[in-house]
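The values are calculated or read from the model by the stated rules, or taken from the named source; none is laboratory data. Remember, predicted model here, so these are calculated numbers, not experimental data. Every residue, glycine among them, receives a Cβ derived from its backbone with ideal geometry; neighbour counts consider all protein chains shown. Surface areas here come from the heavy atoms of the whole protein model, side chains and all, with no ligands, DNA or RNA. Shrake-Rupley method; radii C 1.70, N 1.55, O 1.52, S 1.80 Å.
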Amino acid sequence: MTLEFTNELGDIRPVQTKPRHRSAAVAPLVSGDTAPFFSLSSATGEWRSSLFNHAQPATSVSLLSLAATKPVVVSFYCPCWGAYAEPHLDALIRLSDELQKSGAELIVLSNESPKALQRQGKVVDFLFAYDADWQVARQFGVYSEDNPVWDRVSGISDEAFVPALYVIGPDRQIIYHGIDENFDSPLNTEAVLEAVDSVSAATPDLIDTVPFNPYSLGFFGLWLAGLIAAVAM
């Protein structure tokens with residue numbers, strides 16, 4: 001396909017575009033699959049995800065280490081979801097309160113940094129991390145450049161994740177998955193809590209044996225610990 005562009009002098013410049021080859025549609029992981037390994041680091045006071053482990057355990061945590069001690073819930077969230085975003089985040093905040101009572105851990109991965117929460121005036125006490133370059137989202141199958149959300153859901157213009165939530169057991173097996181590809185289903189809190197309880201019941205020996213980590217101080221503690229580390233460098 002050839003497009004013609006005219007500059008301010010009236011010169012016409014033809015541009016040959018290449019056809020866009022689509023791959024298969026996004027195929028999110030589902031129950032029974034093994035969740036991919038990922039880790040989170042907070043050296044600068046802002047949690048970021050990586051597909052690799054980190055050399056400084058005092059400012060990092062991995063899915064493997066968390067899942068070995070407690071049920072883990074991993075959710076994907078995008079502030080760019082328009083009217084869908086804020087109610088979904090509020091549901092995650094309420095879910096976090098219930099998960100803490102069950103001894104489970106909530107990790108929320110976003111396509112924007114935690115500063116996005118500050119702009120929304122939200123304060124959270126779960127682990128909110130920036131999934132730069134959509135690394136982890138790709139591995140979970142909830143993001144694809146070839147099948148973007150904005151190409152099929154109106155009102156979304158950014159590179160966004162598909163809304164997804166997973167309950168993960170100690171062997172990284174996905175016990176529950178909730179995928180909302182059409183952006184029309186609320187978070188099923190009851191089903192999530194049932195899945196968390198099933199993990200706890202099946203693995204009664206799960207205890208929190210992770211050594212002290214600034215993450216345990218909560219969202220503000222993480223920011224403060226990162227700031228102190230940055231100043232000390």
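Key figures for this structure:
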{"quantity": "Meets criteria (open to solvent by 10 Å² or more (accessible area, probe 1.4 Å) and under 27 Å from residue 33 (Cα atoms)) for residue 81", "calculated": "no"}
{"quantity": "Scan of the range 84-114 for residues that are without any contact (Cβ under 8 Å) to a residue 60 or more places away in the chain and open to solvent by 20 Å² or more (accessible area, probe 1.4 Å), ordered by number", "calculated": "86, 90, 93, 97, 100, 101, 105, 111, 112"}
{"quantity": "Residue within the range 43-57 that is open to solvent by less than 70 Å² (accessible area, probe 1.4 Å), touching a His at 6+ places or on another chain (Cβ under 9 Å), within 26 Å of residue 143 (Cβ to Cβ) and at pLDDT 90 or above present", "calculated": "no"}
{"quantity": "Any hit, the range 64-76, residues being charged (D, E, K, R), open to solvent by 20 Å² or more (accessible area, probe 1.4 Å), in contact with a helix residue (DSSP H, G or I) (Cβ under 9 Å, 6 or more places away or on another chain) and at pLDDT 90 or above", "calculated": "yes"}
{"quantity": "From 144, 185, residue being modelled with pLDDT under 95, within 28 Å of residue 60 (Cα to Cα) and among the hydroxyl-bearing types (Ser, Thr, Tyr)", "calculated": "144"}
{"quantity": "Residue satisfying all of: in the range 115-141; open to solvent by less than 10 Å² (accessible area, probe 1.4 Å) and closer than 16 Å to residue 60 by Cβ; modelled with the highest pLDDT among these", "calculated": "136"}
{"quantity": "Residue in the range 198-216 that is buried (at least 19 other Cβ atoms within 10 Å of the Cβ), of a type in the set (Val, Ile, Thr) and modelled with pLDDT of 50 or more present", "calculated": "yes"}
